[in-house]
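Let me begin by presenting the structure, written as structure tokens, before commenting on it.
The values are calculated or read from the model by the stated rules, or taken from the named source; none is laboratory data. Nothing here was measured: the structure is a model prediction, and the numbers come from that model. So basically every Cβ, Gly included, is an ideal-geometry build from the backbone, and we count neighbours across all protein chains shown.
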Amino acid sequence: MQLRSWTPSRRETMGLGLTALLAAALAPRLVLATEEAVAAELKKLYGDKPMADGKIKLDLPEIAENGLVVPLNIDVESPMTDGDYVKAVHVFADGNPLPQVVTYRFTPQSGKAAASVRMRLAQTQNVVAVAEMSNGALYTAKAQVKVTIGGCGG
């Protein structure tokens, strides 16, 4: 079997070039979230309700060698009784393509408002947790993680 060499004509070259430009222009861009994006997500969830610091303990590494597997342990101080418990904990990362990382839901039967997860972080950024209590109160905590190798592509 003999292979034939193919040399594109000027018209074919122009067509391929225009197709490549169009594909590049229409391709989705990797856009990272910002603190404003996290604030917008929180406003969607809770409106203008005030958030207080405290009650949430975030256990995160200060420096993550690999952004693909960053461990996070969350512990919210609550008696977890029928009248006083944590309803939900939302976790956000302000430097990821999508800011919301995870949401945990709790009931008094949970016994303790604590959870662990391994998350991906694209770059050095803040991780924000918001705890929603059964009485409607909101508590927040924030920690910065320095990422040496990003884990969200790009």
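Which residue is farthest from GLN125 (Cα to Cα), if the candidates are limited to region 64-91 and must be at pLDDT 95 or above and of a type in the set (Val, Ile, Thr)?
Top of the filtered list is THR81.
So GLN109 clears everything in (1) surrounded by 12 or more Cβ atoms within 10 Å (Cβ to Cβ); (2) outside any loop (DSSP other than H, G, I, E, B) except one condition, right? Which one?
It is condition (1) that GLN109 fails.
Among residues belonging to region 10-36 that are under 16 Å from the mean Cα position of the chain (by Cα) and either modelled with pLDDT of 85 or more or among the polar types (S, T, N, Q) (or both), point out the one that is surrounded by the fewest Cβ atoms within 10 Å (Cβ to Cβ). Before the answer, list the steps.
Restricting attention to region 10-36, the residues satisfying the condition of being under 16 Å from the mean Cα position of the chain (by Cα) are 30-36.
In the following step, the residues that additionally are either modelled with pLDDT of 85 or more or among the polar types (S, T, N, Q) (or both) were identified as 34, 36.
Working: THR34: 13, GLU36: 10.
This residue is GLU36.
Take region 112-154 and flag every residue that is closer than 19 Å to ASP53 by Cβ, surrounded by fewer than 20 Cβ atoms within 10 Å (Cβ to Cβ) and under 12 Å from the mean Cα position of the chain (by Cα).
Residue satisfying the conditions is ASN126 alone.
In region 50-98, what residues are within 20 Å of the chain's Cα centre (by Cα), of a type in the set (Asp, Glu) and in a strand (DSSP E or B)?
ASP59, ASP75
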